[in-house]
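The values are calculated or read from the model by the stated rules, or taken from the named source; none is laboratory data. All of these numbers come straight from a predicted model, not from anything done at the bench. When we count neighbours, we look across all protein chains shown, and the Cβ atoms used for this are built from the backbone with ideal geometry, even at glycine. Heads up: the accessible areas ignore ligands, DNA and RNA and are worked out on the full protein's heavy atoms, side chains in. Shrake-Rupley method; radii C 1.70, N 1.55, O 1.52, S 1.80 Å.
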Amino acid sequence: MRRRDTTTLDPAVAAELEALEGALAGDPAAEPELAALVRDVRADAPAMASGFRARLEERVERGFERTSRKRLHSLRPMIPALGVAGCVLAALVAVVLSAGGGSSDDAGSTGAGRAAAPAQTESSDSAKSSGGGGGSTSGSAGGGSSSAPALAAPAPSAPARQRRVERSTRLELTTTDVQAASDGVVRATQATGGFVQSSQVATGDGRSTASFVLRVPTSRLDDALARLSKLGHVRSLQQSADDITNVYNGASTRLAEARATRRGLLRALSKATTAQEVSSLRARIADNRRALQRYQRELNAVRNRANYATIGLELTGVARKHAAVPGGGSWTPGDAAHDAVRVLEVSAGVALIALAVLVPLTLVGAAGGFAAVAVRRRRREAALSS
């Protein structure tokens, strides 16, 4: 059988022809029509262009490396985007897990509280029933043998009371204009919702001074100190806090007991039948009224000590040429060292944040690079095996 060079044919046509020839190689006479078809196809098949054949042979010799590289280059721009997407996904998962844990904890604590309430109710009911049973037993026994004493119901725990803290501050400032600073003290105190309890200003040709006792809401103490510190150079600042919870609770208890006593006296007065009883009860009610007023004043004073902080402010006038700059004074080597340390702290913080961002991106990028290399290797092996 006459064979035609398959290198000039299209690769797909050449492959089919060779498969047919291989099938007819064993017995060409068995399939004469098929053999004739093969000869006709070889004669009429279009020839492969020489340029295309050269490029195909070159790509086969290189193992299709150029195509794999092009595909790899097309995937490289996607690696940073995949890294950012991975970081965002990890952050969202962390936020969801933390929120879910907090909600489960809250739900658990709420469920525990709800479960504890019925338990306390049941224990109280059981104690009451046991107490009632004991009373009936002793009554039936009469003067006979004494029965076991009934268990008393546990007293309910008192709710935790809020702690009362008295805060006081002593602030010393130096300024070149004591009068202007004094006006600023009044404005700053009023701006924070406080008032000037006492003040004393002494000005003259020599040294000028001023002292103030300020009362500001405890919740606005930091704001008031910030405003006052801007009026001059801070020489000293002292703060103290005293727990006056016991004092407050004692005053509140005395007031409550006096009110209960008054209610009892009024009930007794309504039931009095003789003039002597009415006169005695009215005298006791008058004494109780004075006690109520005294206890109320004591409670209000303790409440004001907790609700309003005390600021003792001292202003000292200095000559202008020796005055310190309110922003912190002259710039000394110590200030330079402090600023340098602060710059290093900020730089270290920025570097730490950048490292926290770059480490996940690097890991995701490395994973993407390894995946791209594996895909390229697998495609190359598939191309070479085909």
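Details
- Residue within region 61-75 that is closer than 17 Å to S385 by Cα, at pLDDT 70 or above, part of a helix (DSSP H, G or I) and open to solvent by 100 Å² or more (accessible area, probe 1.4 Å) present: yes
- Only one of A348, A366, A336, A340 that is at pLDDT below 85, open to solvent by less than 70 Å² (accessible area, probe 1.4 Å) and either not aliphatic (A, V, I, L, M) or not in a strand (DSSP E or B) (or both): A336
- Residue in region 171-182 that is at pLDDT 90 or above and open to solvent by 70 Å² or more (accessible area, probe 1.4 Å) present: no
- Residue in region 152-167 that is open to solvent by 50 Å² or more (accessible area, probe 1.4 Å), more than 26 Å from T245 (Cα to Cα), hydrophobic (A, V, I, L, M, F, W, C) and modelled with pLDDT under 85 present: yes
- Of note, R303 does not satisfy the criterion of being without any contact (Cβ under 8 Å) to a residue 24 or more places away in the chain and within 24 Å of G194 (Cβ to Cβ).
- Of all residues in region 223-246, at least one satisfies being in contact with a Gly (Cβ under 6 Å, 6 or more places away or on another chain) and aliphatic (A, V, I, L, M).
- Filtered by the rule that a residue be more than 15 Å from E298 (Cβ to Cβ) and either of a type outside the set (S, T, N, Q) or under 34 Å from the mean Cα position of the chain (by Cα) (or both), region 246-273 gives A260, R262, R263, G264, L265, L266, R267, A268, L269, K271, A272.
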